[in-house]
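First comes the structure, then the notes that go with it.
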Amino acid sequence: MPTSIGHALAGAAAAWGADLVPGDRAWRTAPAAASWYRRAGDGLTVACAALGALPDADLLIHAHRTYTHSVGAVIFVGIVATVWASAKPANAKRPIARVALMCAAAYGTHLLLDYLAIDRVPPLGIQALWPFTRTWYISGWDLFLQTERRHFFSLATLWINTRAALQELLILAPITLAIWLIRVKALAGLAPELPRGDHPPQ
Ligand SMILES: [Zn+2]
């Protein structure tokens with residue numbers, strides 16, 4: 001199963017990927033002079049990165065890779081995001097369907113990465129189709145290396161996880177970079193529309 005670094009990167013990539021879906025995209029733009037944080041989509045992109053890594057918090061409740069790693073959980077995240085996006089503060093612009101898609105897709109990347117990864121701890125894989133079935137699924141493609149969570153700060157564990165994280169970056173960073181570049185290009189034309197909804201501090 002991949003590290004949180006790989007999962008967070010995939011979550012951010014999902015957020016930027018959702019920005020490519022045609023529709024109301026101007027609210028995700030920022031002028032070229034804005035900070036990197038704003039240009040990257042600020043708090044919502046950070047939230048999507050966190051959602052990409054969130055399913056593994058199930059280690060704390062001893063339910064690892066079960067319902068937390070399922071389409072049921074993805075739908076739940078989409079519903080929560082819908083409720084959050086619907087509760088708009090006065091001047092916030094949040095297209096509800098797009099926010100729901102971003103958050104659900106970010107969470108969904110976690111399932112995909114785990115499905116494609118090596119797993120040597122039975123039962124292998126994830127309960128991807130809960131609540132419809134509790135069957136465990138794994139691709140067998142072994143695309144991402146096995147990580148280690150026991151003796152977390154031992155040298156051996158640190159080495160295993162560093163190696164896994166580097167390999168995840170090797171695969172995911174080029175994909176994320178490509179999505180980022182396409183996003184920048186796609187949103188560039190929309191940026192001039194921003195001042196209409198932008199309220200600079202008085
Ligand atoms: Zn996981």
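Between Val80 and Arg149, the contour length at 0.36 nm per residue exceeds the Cα-Cα span by 21.9 nm.
Find the centroid of the Cα atoms in region 1-65 and in region 105-173, then give the distance between the two in whole Å. The distance from the Cα centre of region 1-65 to that of region 105-173 comes to 18 Å. Considering helices alone, the calculated mean residue ellipticity of the chain at 222 nm is -17000 deg cm²/dmol, with DSSP H runs of length four and up weighted by -39500 (n - 2.57) and normalised per residue. The amide H of Tyr137, built 1.01 Å from its N in the peptide plane, has Ile126, Gln127, Ala128 as neighbours under 5 Å, considering only residues 5 or more places off or on other chains.
Could you please state how large a percent of the accessible area of the chain is carbon and sulfur, counting protein chains only and using a 1.4 Å probe? About 72 percent, which is the carbon plus sulfur part of the accessible surface.
In the chain, the ratio of gyration radius to Kirkwood radius, Rg to Rh, stands at 1.02 when only Cα atoms are counted. Each residue of region 78-83 is assigned a 3J(HN,Hα), and the resulting list reads x, 5, 4, 5, 4, 4 Hz, derived from the Karplus form 6.51 cos²θ - 1.76 cosθ + 1.60 (θ = phi - 60°), x at Gly and Pro. Taking the longest Cα principal axis of the chain as reference, the axis of helix 96-116 is set at about 20 degrees.
The values are calculated or read from the model by the stated rules, or taken from the named source; none is laboratory data. Here the structure is a predicted model, which is why all the values come from computation and not from measurement. Heavy atoms of the whole protein, side chains included, go into the accessibility calculation; ligands, DNA and RNA do not. Shrake-Rupley method; radii C 1.70, N 1.55, O 1.52, S 1.80 Å.
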